[in-house]
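Derivation of every value follows stated rules applied to the coordinates shown; laboratory data play no part. This is a predicted model, so every value here is computed, not measured. We place every Cβ from the backbone using ideal geometry, glycine too, and count neighbours over all the protein chains shown.
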Amino acid sequence: MYNLLKGKKGIIFGALDSKSIAWKVAERSHEEGAKFVLTNAPVAMRLGTINELAEKTGSEIIPADATSMLDLENLVDKAMEILGGKIDFVLHSIGMSVNVRRGNHYTHQDYNFTKTGWDVSAVSFHKVMSVLYQRNAMNEWGSIVALTYMAAQRVFPDYNDMADNKAYLESIARSFGYFFGRDHKVRVNTISQSPTPTTAGSGVKGFDGFIAYAENMSPLGNATALECADYTISLFSDLTKKVTLQNLFHDGGFSNMGVSNAIMDEIMKNETSNETVEESKKKDKK
Ligand SMILES: NC(=O)c1ccc[n+]([C@@H]2O[C@H](COP(=O)([O-])OP(=O)(O)OC[C@H]3O[C@@H](n4cnc5c(N)ncnc54)[C@H](O)[C@@H]3O)[C@@H](O)[C@H]2O)c1
């Protein structure tokens, strides 16, 4: 390892179990010499295995619902106390759609669910940064990263209202990133990650097909959770000080592809059984 985060202090949101992207980021941050606190929603702590990660990385856990300003204020105050000063890096690795969980179609949402999903998946990023900004809790040249998905730019029908939440999240990164850069020399970016087999990822309808398609479309194949963690470490490190307000695709090249030979071969193989647009509409309505 390279000691890329030696002496740096952080807050990592969203490690639920060993498949979580945040879990890998915590492990890699530890390996690179950082100290950090782990946080997750109180209910997730009961379901997940975050204690294991805390033990392994010598970190403390501070529960916080990322939609609650009170919880976030308590988290930031306690994190600075435990870590002995201001924060150098923050990972927002949080996403949840109640409409997806309840199987509501994008065209027929329960708007109370829509609001909750938006608050958890997008506005929480604003709330986290607002608390850090108001408390002047970030060190100069610190780095804040949130995770997103390309459904913010292009249509992935089964990603449902999470597509809109991710578009909002990416916009917050730019808007808040301006003020954080101007006033505190802190950078704010989003990483747009390949489909990854985690609890949140697998909740998307037809995830297996989804991940296989991306794998066959990308010249380098899908990026794994560990590879995402490596990329995140580079953004926390001093090697990327002037990268800010960016949505950075970490997807093996998927986002710039039109079609690949592997996908074309697959289509030609199945030419006779190809689904028409009408057939796919009928299937979607079932
Ligand atoms: N898995 C993928 O395919 C994929 C692809 C691109 C981006 N992402 C994004 O990566 C991030 C991490 O997801 P993951 O794939 O590691 O899945 P995950 O299920 O392991 O992580 C999601 C986390 O969000 C937390 N969370 C939910 N509600 C919360 C709340 N109110 N307060 C605090 N935390 C809350 C959960 O407890 C969980 O730890 C998400 O933003 C997700 O949208 C995932």
Report summary line: Summing -39500 (n - 2.57) over every DSSP H run of at least 4 in the chain, dividing by its residue total and rounding to the nearest 500, the 222 nm mean residue ellipticity is -13500 deg cm²/dmol
Report task. Highest first, please rank the peptides 45-57, 164-176, 22-34 by the mean number of other Cβ atoms sitting within 10 Å of their residues. Result -> 22-34, 164-176, 45-57
Query raised in the report: Any idea what angle helix 69-83 forms with the longest principal axis of the chain, computed on alpha-carbon atoms, 0 to 90 degrees, nearest 10?
Result: 60
Requested in this report: Just round it to a whole percent: the fraction of Cα-Cα distances in region 181-239 exceeding 13 Å.
Outcome: 68
Report task. Mind pulling the per residue volume of the convex hull built on the Cα atoms of region 134-182? Å³ is fine. Result -> 85
Query raised in the report: Rounded to a whole number of µm²/s, how large is the Stokes-Einstein D of region 75-139 at 4 °C and 1.567 mPa s, given Rh as the Kirkwood radius over C-alpha pairs?
Result: 95
Requested in this report: Set Lys and Arg Cβ to +1 and Asp and Glu Cβ to -1, take the dipole of region 51-165 about its Cα centre, and tell me which of Pro63, Gly85, Tyr111 lies farthest positive.
Outcome: Tyr111
Query raised in the report: Between Met138 and residues 5 or more places away or on another chain, which pairs have amide H atoms under 5 Å apart, with H built 1.01 Å from N, and which residues are they?
Result: Ile87
Report summary line: Per-residue Cβ contact counts at 10 Å, fewest first, order Tyr213, Tyr159, Tyr111 as Tyr111, Tyr213, Tyr159
Query - Förster radius 41 Å - calculated FRET efficiency between Lys281 and Arg135 (Cβ-Cβ, nearest 0.05) - result: 0.20
**Report entry** Ellipsoid semi-axes in whole angstrom, largest first, where each is sqrt(5λ) of the Cα gyration tensor of region 113-194
**Finding:** 25, 14, 8
**Report entry** the chain: Cα Rg divided by the 2.2 N^0.38 Å rule of thumb
**Finding:** 1.03
Requested in this report: Largest first and to the nearest Å, give the Cα extent of region 1-114 along each principal axis.
Outcome: 49, 30, 23
**Report entry** Estimated vicinal HN-Hα couplings, Hz - region 210-217 in sequence order (Karplus 6.51, -1.76, 1.60; Gly, Pro = x)
**Finding:** 4, 6, 5, 4, 5, 4, 6, 7
Query raised in the report: What does the convex hull of the Cα atoms of region 50-189 come to per residue, in Å³, rounded to a whole number?
Result: 120
Report summary line: Rg from C-alpha atoms of region 116-265, normalised by the globular rule of thumb 2.2 N^0.38 Å, equals 1.10
